[in-house]
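Notes for the one structure printed next.
The values are calculated or read from the model by the stated rules, or taken from the named source; none is laboratory data. Here the structure is a predicted model, which is why all the values come from computation and not from measurement. As a convention, Cβ positions derive from the backbone with ideal geometry for all residues, glycine included, and neighbour counts pool all protein chains shown. Remember, those area values only see protein heavy atoms, side chains included, never the ligands or the DNA or RNA. Shrake-Rupley method; radii C 1.70, N 1.55, O 1.52, S 1.80 Å.
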Amino acid sequence: MRYIDTHSHLYDEAFVQEEDAAVERAVASGVDRIILPDIDSQSRQAMFDLADRHPGTLFPCLGLHPTSVDGNWEEEMEKMTDFRDRSIVAIGEIGIDCYWSKEFLEQQKEAFRRQLAIAHERDLPVIIHSRDASAVILEVLKECRHLDLRGTFHAFSGSIETYREISRLGDWYIGIGGVLTYKKASIAETVKEIPLERIILETDSPYLTPVPFRGKRNESAYIPHIASRLSELTGVDLVTIAAQTTQNAEKLFGI
């Protein structure tokens, strides 16, 4: 079985000098392609350098993460243009984060709008980060629905009602990761009602490590554990889970 990890920060400091070994472990576990969402200018070059070492396996994106939006956000946005000629598969990780701070909420919203417009102009999907911000995200998407948006809601933890509202605002997939394996995780119930044709798998490594590795650094090699739990919850056999989620990711990111 083959899988795609649609969200890994493999270039994070947690993997320093172990990035290539982590790629090898992922491929050995059946995860033969990994999407690398962008954060900001501090780690962007490292991300592209790593992707260059593993062509056909690692696929970089370009975007400004909402927690990196502050008083200098426009300067940060401008720095993205230095990479405008690089091959990317999505605009992301972008969105709204009200968990850490609401100080720059209006700036986050404007950065989000501008990056949605970039995705439309470049005919690329987006990777959306939404934390304690569903209502704000939906507000912006309604404003921008004329852009014919498509993409994924990373680490989705909303209700089935939220999923249905999202679905009316574009061509959206749902990123399911390690939280699915946690006890009392609400997504474990919600995912039963989301069509498999709309689900993609992700790790968000080095974060959100699935059971039985919780407490350790997450990595792409653990995707099969997330797939296995999805199979248990939905009653769909693992072969079908692997095939459909891989097909979904291939279609969304064009890989």
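Here are some notes:
- As a summary of the residue check, residue 158 satisfies the conditions (1) open to solvent by 50 Å² or more (accessible area, probe 1.4 Å); (2) at pLDDT below 95 except for the one numbered (1).
- Selected residue (only one of 240, 245 is among the hydroxyl-bearing types (Ser, Thr, Tyr), part of a helix (DSSP H, G or I) and surrounded by 14 or more Cβ atoms within 10 Å (Cβ to Cβ)): 245
- A residue that is within 18 Å of the chain's Cα centre (by Cα) and not in a helix (DSSP H, G or I) occurs somewhere in the range 218-233.
- Some residue of the range 178-191 being buried (at least 22 other Cβ atoms within 10 Å of the Cβ) and more than 17 Å from the chain's Cα centre (by Cα): yes
- Of the set (1) touching a residue at least 12 places away in the same chain (Cβ under 8 Å); (2) polar (S, T, N, Q); (3) outside any helix (DSSP H, G or I), all apply to residue 17 but (1).
- Test: residue in the range 14-24 that is surrounded by 15 or more Cβ atoms within 10 Å (Cβ to Cβ), touching a strand residue (DSSP E or B) at 6+ places or on another chain (Cβ under 9 Å), of a type in the set (Val, Ile, Thr) and closer than 22 Å to residue 173 by Cα: no
- Single match in 161, 165 (criterion: in contact (Cβ under 8 Å) with a residue 24 or more places away in the chain and outside any loop (DSSP other than H, G, I, E, B)): 165
- Residue 39 being more than 14 Å from residue 5 (Cα to Cα), in a loop (DSSP other than H, G, I, E, B) and touching a Pro at 6+ places or on another chain (Cβ under 6 Å): no
- Residue ranges of strands (runs of 3 or more DSSP E) in the range 49-142 with at least 2 members open to solvent by 20 Å² or more (accessible area, probe 1.4 Å) and not hydroxyl-bearing (Ser, Thr, Tyr): 126-131
- Unique residue being closer than 30 Å to residue 117 by Cα, among the hydrophobic types (A, V, I, L, M, F, W, C) and at pLDDT 95 or above when the list is 226, 200: 200
- Summed over the range 196-208, the residues that are open to solvent by 10 Å² or more (accessible area, probe 1.4 Å) and either in a loop (DSSP other than H, G, I, E, B) or more than 17 Å from residue 3 (Cα to Cα) (or both) give a count of 4.
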